[in-house]
Amino acid sequence: MSFLKKHSKIITILFLMILISAYLKLWLSSDEYFTIEMIKRSYHSIVYVDSFDVHPPLYYIVLKFVLSVVLPFKHTVILDILFSRLFSVLCTILTIHFLIKINNYFGITIKKHIQYLIFFLIPNVLFADNMNFSPSINIRMYALATLFVVLTMYYCIKYNNSEKIIYQVFIILFAELSAYTHYYAAVISGLFIFLYFLYFLYKKEIKQCLFYLLSGIIFFVLYIPWIVYGLSVQFRSLAFSAPLYKSVIQFIIAVFIILIFIVPYIYLYKNNNNNKRNDLRILFFINVIVILITTIYSVIKSPIFLIRYVYPSMIIMEFMSVCFVIQHFKNKEIRINRFIKFSILVLMPVVSLVSFVHESLIVSPISINLYKNDRYFSSFKGKYVNIDKAKYIVKDFDFNHSKLNNDTEYGLYLESIGKVPYVTNKDRYKYDLTNRAYPSIHFVPETVKYMKK
């Protein structure tokens with residue numbers, strides 16, 4: 001036991017490295033494939049094409065820039081996939097850094113490396129259903145959006161306690177970056193500004209009230225270019241929706257998570273002074289408002305609720321609650337319900353452990369086989385490669401059907417080394433056409449005709 005305490009930092013770092021390595025998979029969901037396709041384009045093309053998608057464009061622009069800096073040489077798509085995932089991990093690590101600062105503000109002072117470990121044990125950070133529950137590792141905008149939302153909250157707290165102009169600038173900056181990264185993040189950051197405005201209006205603290213009013217106006221004005229160029233087009237032409245059953249299930253999960261974590265959150269609330277209680281109230285109301293709005297919209301018009309969308313605000317509340325339970329586990333003055341302790345301290349690690357085992361035993365071998373097939377295809381001479389000749393069997397496993405078929409994986413790799421894949425089996429050809437979510441040159445019908453000649 002003394003050995004574990006003495007070397008707890010090293011053990012935690014090694015564990016996190018193993019954990020993250022297990023999630024650096026090569027297979028892609030359909031949304032991740034869209035990201036990889038987007039970053040191949042010019043910056044102007046990214047903005048234009050994204051105006052027909054369901055998200056703002058900032059994530060794709062930032063990711064393209066980061067990859068152009070760290071991978072300036074000619075490389076295969078495998079490096080794009082791995083470094084894109086590592087970019088999400090980097091955003092997550094920075095997020096935890098500022099979450100720890102927020103925890104310190106609320107009197108939660110457990111060791112930093114323990115807090116890093118806690119974050120990756122929270123159920124909706126890592127889960128077996130990869131597309132919906134792994135925002136810290138996915139090649140999507142959720143990790144970056146979460147970072148911007150956390151920074152918005154952090155600098156709201158800093159400004160409220162010092163009224164320094166530089167913090168005013170940071171609030172507007174990170175709220176705007178949130179808005180250009182994801183629409184839910186835009187709503188969450190906008191609610192931070194709006195609810196603080198209402199609070200200071202109620203308290204009749206005119207200076208801070210006017211600041212948040214001005215911040216809200218600037219926040220909206222700076223978003224007008226995208227509203228006119230992209231959002232208006234998306235709102236008119238896109239009919240995005242998730243299956244109703246999926247929205248219902250995810251709503252139930254979100255409510256369950258809030259009910260579990262709200263008990264220690266209430267104790268945290270009681271353990272702080274009035275000003276800090278207001279910060280906690282605002283964070284709680286933001287979660288409830290966002291979930292309610294999207295749920296009502298899902299019922300009335302079109303199902304759009306997915307738990308990963310509210311991840312940026314929910315994870316703050318969850319992280320603070322878990323850290324508070326850990327800090328006061330043996331504190332007799334704070335008697336947290338046994339079921340809540342059991343749920344947070346036992347069930348939470350079990351869920352993450354199941355996810356880790358799933359990644360290690362199921363996903364990792366698939367990634368290895370995908371890599372072997374890529375190396376096998378690269379040995380083919382000539383420009384055209386018959387992907388019917390895959391040496392290794394790669395079984396589909398994605399139970400929520402967000403993953404594309406394996407031909408997409410092979411096509412991405414072959415395209416990145418300047419080759420054109422084709423198949424000769426008609427059924428497989430039809431399957432490819434049916435299951436490709438986005439246009440790509442990884443399968444060209446003319447190539448098949450050319451090869452038949």
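Data overview
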| item | result |
| --- | --- |
| Calculated P(r) of the stretch 340-390 - Cα pairs past 16 Å, % | 60 |
| Calculated diffusion of the stretch 198-307, Stokes-Einstein form, Kirkwood radius summed over Cα pairs, 20 °C and 1.002 mPa s, µm²/s | 126 |
| Taking only Cα atoms of the stretch 265-308, radius of gyration then Dmax in Å | 14.3, 42 |
| With every protein chain in place, the stretch 311-388: carbon and sulfur % of accessible area (1.4 Å) | 62 |
| Separation between Cα centres of the stretch 137-172 and the stretch 335-383, rounded to whole Å | 31 |
| Whole-Å semi-axes of the stretch 126-204's equivalent ellipsoid (Cα gyration tensor) | 28, 13, 10 |
| Whole-Hz ³J(HN,Hα) from phi, Karplus 6.51 cos²θ - 1.76 cosθ + 1.60, for the stretch 416-423, glycine and proline x | 6, 10, x, 10, 10, x, 8, 10 |
| The stretch 1-105 - Rg (one decimal) and Dmax (whole number), Cα, Å | 17.7, 58 |
| Ranked order, VAL62, VAL89, VAL354 - accessible area, probe 1.4 Å, largest first | VAL354, VAL62, VAL89 |
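The values are calculated or read from the model by the stated rules, or taken from the named source; none is laboratory data. Bear in mind the structure is a predicted one, so any value in this text is a computation, not a measurement. Calculation scope for accessible area: heavy atoms of the full protein, side chains included, ligands and nucleic acids excluded. Shrake-Rupley method; radii C 1.70, N 1.55, O 1.52, S 1.80 Å.
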